[in-house]
Every structure is written in C-alpha cells, then in structure tokens.
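The values are calculated or read from the model by the stated rules, or taken from the named source; none is laboratory data. These figures come from a predicted structure and were not determined experimentally. Positions of Cβ are generated from backbone atoms using ideal geometry, with glycine treated the same way; all protein chains shown enter the neighbour counts.
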Amino acid sequence: MAMATGVFFLSLTAIPVTYLANALLEGRGEGEVLTVGYGVLATIALMSYVIVRLSKGSQKVSDPFFYVFAVFAFTSVVDIVLAMELDGIIDNFMASYLKEGEPYLNTAHGTLINYWDGSGHYCMYLMMVTAIVWGQSYKEVGLYWAGSILNSMVVFMPGNVSGKYGSNVKSSYFLNIPYVLFPILVALKCLRQRPETNVERADVVAAQKKSIWKRPLDVFFVLFLFFAILISFLRMAAALKSPASIAVYYLKNFEPYFQDPVLYPMIQALVYWFYFVPYFVAAIYGFLNPGCTWMSDWALLSAGASAQAQFSHIGSSLHSRTPYIYRVPSDGLTAFWIINVALMLVPQLIAWRCLTWPAFFEAKPCSSEVRDGKSSLEQRKDK
C-alpha cells in the first residue's frame, strides 16, 4: 500500500476510535481523558511508522514532519466528528470528551474551528504527506497551513482560559500544545527554503520598472490593504467597547458578536490589529517598492490565517450556538457580508498574484544584470 494512501485510511480509523473512546471515557475524570488522548496520538504516530516500514515503494521518508502530518490528519477526522456532534448531526461519539475534556468546544467558535480543521486542514495534511512521499516540496501548502492553524491557536487558547469557560479549563487543554509547536517549526523550515522561480532577469527588469499606476491589480490591492487597516481599527475599537459613536454604531448594527462573553471574537479582533495590520503595512510597502522577496511567503501565511479567521468568525456570527442577541442583525447582513468576505477572499488573491507573477518581488538585479536585461528586451523587440 502506498504510504500516502495508508495515512488516509489510518486517519479514517478516527471514526470508530472516537466511538469506542467515548464509551471508555464515560464517567471518567479529566486525568484519564488526557492520558487516553496522548496515548491515542502516540499510537497513531507508531502506526504511521509501521506504514512506512511496510511500504514497498522505492521512496523512503526522510522528513520527520511526515509523522506529524499523519497524526494531525487523524485528529482532523476527530474534529469533524466533534463538529457534527456539536451540531446534532451524530450522537454519542464525543459526548464524554466534550464534558470532561474541552467543554469550551461547546460554542459556535469551537464548532466552526472543528469544521475548518476537519475539512481545510485535513486536505492540507494529505497534500503535504503526498508531497513528502513523492519527494516534492510542500513549501506553499506548509506556509498556508501554518498561517491558518497558528491563527486558530492564537485565538483559541487565550479564549479558553479568559472567556466564559475560563474557570472550567481542564488538563486536556494541554493536548493543544503540539498544534502551536509544530506549525511554528514547519513555518520556520518553509521560510528558510529558497523560492523556486524561473523568472528571466529581463522580465524582472521590465516588471520592476513599472510604477504602481501601470499595475491596476496592485493598485486595487493597496487600496484594499488601506481599507483593511481602517476596518481592523474599527473592529478592535468595537470589540473593546469604545464609547466612540462610530464604534458603538458598528457594534450594534453590524457585528454584535464582538460582545459575546466567550471572548473569541474580541481576541480575533485584537489579533487582526496587532498581527495582521503590521503585515498589511508591510505589504503596501512591498507593492510600492520592487525587490521585496519576502512578499510571496508572507502572503501565503496571511492568506491561510485570513481564511481560518474569517471562516470561524463569519460562521460563529450566524451560528445557532451564538445567543440571538449577538448574531448579525438582519438590517446589517449586507454590510457584514461585504466586509468579512472581502477580508477573507482578497488575501487569497494577493497570495495568488505574488505566486503567479513574482517578477516584481524578485531581488533587484545588479547594474550589469540590468544592462543585460535591457539588451535582451531590445532583442525581443527586434524579433
């Protein structure tokens, strides 16, 4: 059996395992839940190693992150089971864990992050596992995943201990530590890898000579980033219950979810202001000044973080687990959708632009390369 296929089928064993574990943990304390949780993760890591050893393929796994992604793929299936149980689609698969393990998952935010992990992250794990088996780079997917899951953890873990459920945090909280540690390690590894581009120096010279006004798509992105900075400031002020009239109006008419006592939406607003906004400023600089080689990597991190953040925020703002008074008012739905969908989709377009036409972001050619670039351009024109 191919190793990637083996990991896929191994992840599906999460369905019967959750059902059996739910029966086993019924009436047990939080200590037993933590022990069983780490025991299952260790068993899945061992099984993925067995799959590698039994594989008859010529490719051998040399990247230790293969085993990390195999375990995380399994937990992604666990999370989609959790989400479906929270929404009442299935029953008696994770009830014991929700009671004795992580009770703060009984929220709209907990439901939505589980849906995202069980769908978006799950696909990314399978893609990265396949890339490792085939001996290919998973840099782009790895950066996108790292941005996505780090945003999830930066909001989720502080919200668990400071929000409505902060007084009921159990030892299973520490099962989330690997989801903070390993994404950082993967991001560092991917950021150290040199980008694989085949852009000719002549194309770099031509692209970098164009002003922003001759790049209408980049003009749109710069204008969006200015808008994103302003709306991030407004949302941060609204989340912190600023008495400013515009913040009060926005909170009441468009996003009352920021008042939810679970605090996840407030923390997400603060993450936008303190982490996203510095990137937005840097990205504006990158679009205005050629040769910012970091643009593609950080655009991928931002795109992953934006996708996860907005998926969870939009879904939670409308979800039935959110108290009615904190859901989006019907009169503000249009503005709510425009603002939040833009914050979700445009970063994806920025990442696509940086990866598809990277010439403007390549390192600036030295003077001799510029002369060579000019001569090659002239030769093209003559032809």
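Structure notes:
- Being at pLDDT 90 or above and more than 18 Å from T13 (Cβ to Cβ) holds for only one residue in T35, T130, and it is T130.
- Positions within region 74-97 being under 20 Å from P178 (Cβ atoms) and either in the same structural domain as L318 (by TED's automatic domain parsing) or touching an Asp or Glu at 6+ places or on another chain (Cβ under 7 Å) (or both), in sequence order: S76, D79, M94
- Restricting S137, S167 to residues that are outside any helix (DSSP H, G or I) and either over 30 Å from V40 (Cβ atoms) or in the same structural domain as N106 (by TED's automatic domain parsing) (or both) narrows the list to S137.
- Taking the listed residues L181, L191, the one that is within 30 Å of C123 (Cβ to Cβ) and either basic (K, R) or surrounded by 15 or more Cβ atoms within 10 Å (Cβ to Cβ) (or both) is L191, with no other qualifying.
- Some residue of region 191-213 being within 19 Å of the chain's Cα centre (by Cα) and touching a residue at least 24 places away in the same chain (Cβ under 8 Å): yes
- Restricting region 87-123 to residues that are touching a residue at least 40 places away in the same chain (Cβ under 8 Å), in a helix (DSSP H, G or I) and within 17 Å of L25 (Cβ to Cβ) leaves a set whose member that is nearest to the chain's Cα centre (by Cα) is P103.
- Of the residues making up region 213-267, those that are under 28 Å from Y324 (Cα atoms) and of a type in the set (D, E, K, R) are R235, K241, K252, E255, D260.
- Some residue of region 56-69 being hydroxyl-bearing (S, T, Y) and farther than 16 Å from S11 by Cβ: yes
- Test: P158 is under 15 Å from the mean Cα position of the chain (by Cα) and either within 23 Å of E362 (Cα to Cα) or in a helix (DSSP H, G or I) (or both): no
- The residues of region 37-68 that are under 20 Å from K189 (Cβ atoms), touching a Ser or Thr at 6+ places or on another chain (Cβ under 9 Å) and in a helix (DSSP H, G or I), listed by number, are F66, Y67.
- Inclusion of S119 among residues that are surrounded by fewer than 17 Cβ atoms within 10 Å (Cβ to Cβ) and closer than 20 Å to S317 by Cβ is warranted.
- A202 fulfils the conditions (1) farther than 20 Å from L300 by Cβ; (2) at pLDDT 90 or above; (3) touching a Leu at 6+ places or on another chain (Cβ under 7 Å) except for a single criterion, (2).
- Some residue of region 48-60 being closer than 27 Å to G163 by Cβ and buried (at least 16 other Cβ atoms within 10 Å of the Cβ): no
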